[in-house]
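What follows is one structure encoded as C-alpha coordinates, with my remarks underneath.
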Amino acid sequence: NMANKIIVNSIDFQRELKKKFNLNSQCIYNPLNKKEIIKNSKKKIKINFFRKNDFKIISVARFSDQKDHFCLIKSINLLRKKYQNIKVLLIGSGEKKDEIKYMIDQLKLNKFFKILDFKNNPYPYIKKSDVFILSTNFEGLPNVLLEAITLNKLVISSNCPTGPSEILDNGKGGLLFRVNNYKQLSQKIIFAIKNKKKCSKKILFAKKRLYRFDFSKNLEKYF
(Lines give C-alpha, C1' and ligand atoms only; values in the text may rest on other atoms or scores of the structure.)
Protein backbone atom coordinates (compact mmCIF):
# COMPACT_ATOMS: atom_id res chain seq x y z
CA ASN A 1 0.00 0.00 0.00
CA MET A 2 2.97 2.33 0.48
CA ALA A 3 4.26 1.81 -3.08
CA ASN A 4 3.77 4.36 -5.84
CA LYS A 5 4.75 1.86 -8.49
CA ILE A 6 5.14 -1.89 -8.81
CA ILE A 7 7.80 -3.23 -11.18
CA VAL A 8 7.86 -6.87 -12.30
CA ASN A 9 10.38 -8.65 -14.52
CA SER A 10 8.12 -10.46 -16.99
CA ILE A 11 4.88 -9.79 -18.86
CA ASP A 12 3.46 -13.10 -17.60
CA PHE A 13 4.18 -11.97 -14.04
CA GLN A 14 2.41 -8.68 -14.82
CA ARG A 15 -0.67 -10.60 -15.98
CA GLU A 16 -0.64 -12.84 -12.88
CA LEU A 17 -0.50 -9.80 -10.58
CA LYS A 18 -3.46 -8.22 -12.36
CA LYS A 19 -5.47 -11.44 -12.46
CA LYS A 20 -4.91 -12.57 -8.86
CA PHE A 21 -4.66 -9.25 -6.99
CA ASN A 22 -6.06 -6.68 -9.47
CA LEU A 23 -2.77 -4.76 -9.23
CA ASN A 24 -1.31 -2.70 -12.07
CA SER A 25 2.42 -2.97 -12.64
CA GLN A 26 5.12 -2.11 -15.12
CA CYS A 27 7.34 -4.75 -16.71
CA ILE A 28 11.06 -4.06 -16.93
CA TYR A 29 13.12 -7.05 -17.98
CA ASN A 30 16.21 -8.08 -16.04
CA PRO A 31 19.22 -6.23 -17.49
CA LEU A 32 21.41 -8.71 -19.36
CA ASN A 33 25.09 -7.81 -19.65
CA LYS A 34 26.15 -10.06 -22.53
CA LYS A 35 29.70 -8.72 -22.73
CA GLU A 36 30.34 -9.58 -19.08
CA ILE A 37 28.94 -13.11 -19.48
CA ILE A 38 31.01 -13.82 -22.60
CA LYS A 39 34.14 -12.41 -20.96
CA ASN A 40 33.67 -14.53 -17.80
CA SER A 41 32.94 -17.66 -19.87
CA LYS A 42 36.49 -17.58 -21.25
CA LYS A 43 38.08 -18.42 -17.91
CA LYS A 44 39.93 -21.75 -18.15
CA ILE A 45 38.57 -24.61 -16.05
CA LYS A 46 39.35 -28.30 -15.68
CA ILE A 47 36.43 -30.64 -15.80
CA ASN A 48 37.20 -34.29 -16.50
CA PHE A 49 33.54 -35.26 -16.32
CA PHE A 50 32.65 -34.12 -19.86
CA ARG A 51 34.25 -36.25 -22.60
CA LYS A 52 34.47 -35.49 -26.32
CA ASN A 53 31.61 -37.71 -27.52
CA ASP A 54 29.30 -37.13 -24.54
CA PHE A 55 25.96 -35.40 -24.83
CA LYS A 56 26.67 -32.73 -22.23
CA ILE A 57 23.82 -31.37 -20.10
CA ILE A 58 24.14 -28.70 -17.43
CA SER A 59 21.75 -27.34 -14.84
CA VAL A 60 22.67 -24.38 -12.64
CA ALA A 61 20.10 -23.88 -9.90
CA ARG A 62 19.66 -23.84 -6.15
CA PHE A 63 19.05 -27.31 -4.69
CA SER A 64 15.50 -26.69 -3.47
CA ASP A 65 11.95 -27.98 -3.99
CA GLN A 66 11.30 -25.06 -6.32
CA LYS A 67 13.94 -26.14 -8.85
CA ASP A 68 12.78 -29.80 -8.92
CA HIS A 69 16.05 -31.54 -9.81
CA PHE A 70 14.22 -34.82 -9.15
CA CYS A 71 12.32 -34.36 -12.42
CA LEU A 72 15.62 -34.14 -14.31
CA ILE A 73 17.08 -37.17 -12.52
CA LYS A 74 14.00 -39.29 -13.32
CA SER A 75 14.13 -38.25 -16.97
CA ILE A 76 17.76 -39.41 -17.25
CA ASN A 77 16.80 -42.68 -15.59
CA LEU A 78 14.41 -43.32 -18.49
CA LEU A 79 17.20 -42.70 -21.02
CA ARG A 80 20.04 -44.55 -19.32
CA LYS A 81 19.96 -47.76 -21.40
CA LYS A 82 19.63 -46.23 -24.85
CA TYR A 83 21.77 -43.12 -24.32
CA GLN A 84 24.81 -44.17 -22.31
CA ASN A 85 26.82 -41.11 -23.37
CA ILE A 86 24.60 -38.59 -21.54
CA LYS A 87 26.42 -36.65 -18.84
CA VAL A 88 24.66 -34.20 -16.51
CA LEU A 89 26.49 -31.55 -14.48
CA LEU A 90 24.52 -30.05 -11.57
CA ILE A 91 25.88 -26.82 -10.08
CA GLY A 92 24.35 -25.32 -6.95
CA SER A 93 23.86 -25.45 -3.22
CA GLY A 94 20.85 -25.79 -0.96
CA GLU A 95 18.85 -27.87 1.47
CA LYS A 96 17.95 -30.61 -1.05
CA LYS A 97 21.54 -31.46 -2.00
CA ASP A 98 21.71 -34.64 0.11
CA GLU A 99 18.33 -35.85 -1.21
CA ILE A 100 19.49 -35.25 -4.77
CA LYS A 101 22.70 -37.21 -4.11
CA TYR A 102 20.69 -40.00 -2.47
CA MET A 103 18.31 -40.32 -5.41
CA ILE A 104 21.18 -40.46 -7.92
CA ASP A 105 22.85 -43.12 -5.79
CA GLN A 106 19.67 -45.21 -5.33
CA LEU A 107 18.96 -45.23 -9.06
CA LYS A 108 22.62 -46.11 -9.75
CA LEU A 109 23.04 -43.04 -11.96
CA ASN A 110 26.43 -41.94 -10.62
CA LYS A 111 28.14 -42.41 -13.99
CA PHE A 112 25.63 -39.98 -15.55
CA PHE A 113 25.74 -37.20 -12.92
CA LYS A 114 28.29 -34.95 -11.28
CA ILE A 115 27.45 -32.37 -8.60
CA LEU A 116 29.54 -29.25 -8.09
CA ASP A 117 29.06 -26.64 -5.36
CA PHE A 118 27.78 -23.16 -6.15
CA LYS A 119 30.06 -21.17 -8.47
CA ASN A 120 30.30 -17.39 -8.60
CA ASN A 121 31.22 -17.82 -12.24
CA PRO A 122 29.32 -20.78 -13.77
CA TYR A 123 29.77 -19.51 -17.35
CA PRO A 124 32.86 -21.57 -18.32
CA TYR A 125 30.90 -24.71 -17.31
CA ILE A 126 27.84 -23.65 -19.30
CA LYS A 127 30.11 -22.95 -22.28
CA LYS A 128 31.39 -26.55 -22.23
CA SER A 129 27.87 -28.03 -22.31
CA ASP A 130 25.52 -28.83 -25.20
CA VAL A 131 22.20 -28.19 -23.48
CA PHE A 132 21.00 -26.18 -20.48
CA ILE A 133 18.06 -27.67 -18.56
CA LEU A 134 15.87 -25.89 -16.01
CA SER A 135 13.25 -28.13 -14.38
CA THR A 136 11.84 -25.46 -12.07
CA ASN A 137 8.28 -25.26 -10.65
CA PHE A 138 8.03 -21.45 -10.77
CA GLU A 139 10.14 -18.37 -11.53
CA GLY A 140 9.92 -14.64 -12.10
CA LEU A 141 12.18 -14.33 -15.11
CA PRO A 142 15.02 -16.88 -14.90
CA ASN A 143 18.25 -15.02 -15.67
CA VAL A 144 20.10 -18.30 -16.08
CA LEU A 145 18.18 -19.04 -19.30
CA LEU A 146 19.24 -15.70 -20.75
CA GLU A 147 22.83 -16.44 -19.79
CA ALA A 148 22.73 -19.88 -21.44
CA ILE A 149 21.31 -18.40 -24.65
CA THR A 150 24.04 -15.74 -24.62
CA LEU A 151 26.56 -18.61 -24.65
CA ASN A 152 24.83 -20.29 -27.63
CA LYS A 153 23.26 -23.15 -25.69
CA LEU A 154 19.98 -24.89 -26.42
CA VAL A 155 17.59 -24.35 -23.52
CA ILE A 156 15.16 -27.01 -22.34
CA SER A 157 12.91 -25.61 -19.62
CA SER A 158 9.72 -26.40 -17.78
CA ASN A 159 6.85 -24.26 -19.00
CA CYS A 160 6.32 -22.90 -15.51
CA PRO A 161 4.86 -19.61 -14.34
CA THR A 162 6.49 -17.23 -15.15
CA GLY A 163 9.22 -16.39 -17.64
CA PRO A 164 10.52 -19.44 -19.57
CA SER A 165 7.86 -19.43 -22.32
CA GLU A 166 8.30 -15.66 -22.62
CA ILE A 167 12.08 -15.95 -23.00
CA LEU A 168 11.77 -18.86 -25.45
CA ASP A 169 8.84 -17.36 -27.39
CA ASN A 170 6.58 -20.34 -26.62
CA GLY A 171 9.16 -22.83 -27.87
CA LYS A 172 10.47 -21.05 -30.98
CA GLY A 173 13.73 -20.33 -29.16
CA GLY A 174 14.06 -23.57 -27.19
CA LEU A 175 12.17 -26.58 -25.88
CA LEU A 176 9.44 -26.49 -23.22
CA PHE A 177 7.95 -29.32 -21.18
CA ARG A 178 5.13 -29.49 -18.62
CA VAL A 179 6.11 -28.84 -14.99
CA ASN A 180 7.09 -32.08 -13.13
CA ASN A 181 6.65 -34.12 -16.32
CA TYR A 182 9.89 -36.13 -16.43
CA LYS A 183 8.64 -38.33 -19.30
CA GLN A 184 8.09 -35.30 -21.48
CA LEU A 185 11.48 -33.90 -20.45
CA SER A 186 13.14 -37.17 -21.55
CA GLN A 187 11.45 -36.80 -24.95
CA LYS A 188 12.79 -33.25 -25.28
CA ILE A 189 16.30 -34.50 -24.51
CA ILE A 190 15.93 -37.17 -27.22
CA PHE A 191 14.75 -34.46 -29.64
CA ALA A 192 17.86 -32.39 -28.84
CA ILE A 193 20.12 -35.40 -29.44
CA LYS A 194 18.49 -36.37 -32.76
CA ASN A 195 17.71 -32.94 -34.26
CA LYS A 196 20.85 -30.83 -34.07
CA LYS A 197 19.98 -28.69 -37.13
CA LYS A 198 16.50 -27.83 -35.85
CA CYS A 199 17.95 -27.05 -32.43
CA SER A 200 20.64 -24.81 -33.95
CA LYS A 201 17.85 -22.78 -35.57
CA LYS A 202 16.12 -22.45 -32.21
CA ILE A 203 19.37 -21.22 -30.60
CA LEU A 204 19.81 -18.64 -33.37
CA PHE A 205 16.20 -17.46 -32.97
CA ALA A 206 16.61 -17.14 -29.18
CA LYS A 207 19.84 -15.16 -29.59
CA LYS A 208 18.17 -12.70 -31.95
CA ARG A 209 15.45 -12.13 -29.37
CA LEU A 210 17.90 -11.27 -26.59
CA TYR A 211 17.72 -7.58 -27.54
CA ARG A 212 14.61 -7.39 -25.30
CA PHE A 213 16.81 -7.90 -22.24
CA ASP A 214 19.58 -5.49 -23.22
CA PHE A 215 21.51 -4.12 -20.23
CA SER A 216 21.45 -0.42 -21.22
CA LYS A 217 17.90 -0.52 -22.56
CA ASN A 218 16.39 -1.88 -19.35
CA LEU A 219 18.49 0.23 -16.98
CA GLU A 220 17.30 3.25 -18.94
CA LYS A 221 13.71 2.20 -18.18
CA TYR A 222 14.51 2.18 -14.46
CA PHE A 223 16.13 5.61 -14.78
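The values are calculated or read from the model by the stated rules, or taken from the named source; none is laboratory data. Everything numeric in this text was worked out from a predicted model, so none of it was measured. Please note: Cβ atoms are built from the backbone with ideal geometry, for glycine as well, and neighbour counts cover all protein chains shown. These accessible areas exclude ligands, DNA and RNA; they are computed on the full protein's heavy atoms, side chains included. Shrake-Rupley method; radii C 1.70, N 1.55, O 1.52, S 1.80 Å.
The table for this structure:
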| item | result |
| --- | --- |
| Degrees separating the helix 69-79 axis from the principal Cα axis of the chain, which is the longest one | 40 |
| Selected from ASN195, ASN120, ASN77 as most flexible by GNM, with the chain as the system and alpha-carbon contacts under 10 Å | ASN120 |
| FRET E, pair LEU116, ASN180, Förster distance 22 Å, beta-carbon r, rounded to 0.05 | 0.35 |
| Portion, in percent, of the accessible area of segment 64-111 that falls on carbon or sulfur, probe 1.4 Å | 48 |
| Spin-label pair ARG212/LYS81, simplified geometry with 7 Å Cα→Cβ offset, distance in nm | 4.1 |
| Accessible area (Å², per residue) of segment 1-157, counting only protein heavy atoms and a probe of 1.4 Å | 55 |
| Set of aspartates and glutamates near LYS111 by C-alpha distance (under 13 Å), chain-local residues within fewer than 8 positions excluded | ASP54 |
| Among PHE112, ASN24, SER165 the positive-end extreme of the charge dipole of the chain (Cβ point charges) | PHE112 |
| With 5 Å bins from 0: P(r) over segment 50-166, alpha-carbon pairs, percent | 2, 12, 23, 25, 22, 12, 4, 0 |
| Cβ-placed point charges (K, R +1; D, E -1), dipole of the chain about Cα centre in debye, nearest 20 | 1240 |
| Kirkwood-type radius of segment 126-191, with distances r between different C-alpha atoms, in Å | 11.6 |
| Cα-based helix-to-principal-axis angle, 11-21 vs the chain, degrees rounded to 10 | 70 |
| Degrees separating the helix 182-194 axis from the principal Cα axis of the chain, which is the longest one | 80 |
| Semi-axis lengths, Å, the chain, gyration tensor of Cα atoms, sqrt of 5 times eigenvalues | 30, 20, 17 |
| Members of LYS127/LYS188; LYS194/LYS217; LYS20/LYS119; LYS127/LYS217; LYS56/LYS198 lying beyond 29 Å, as alpha-carbon distances in this model show | LYS194/LYS217; LYS20/LYS119 |
| Rounded percent of accessible protein surface that carbon and sulfur make up, segment 142-223, 1.4 Å probe | 53 |
| Net charge over other residues, Cβ less than 12 angstrom from the Cβ of PRO164 (K, R count +1; D, E count -1) | -3 |
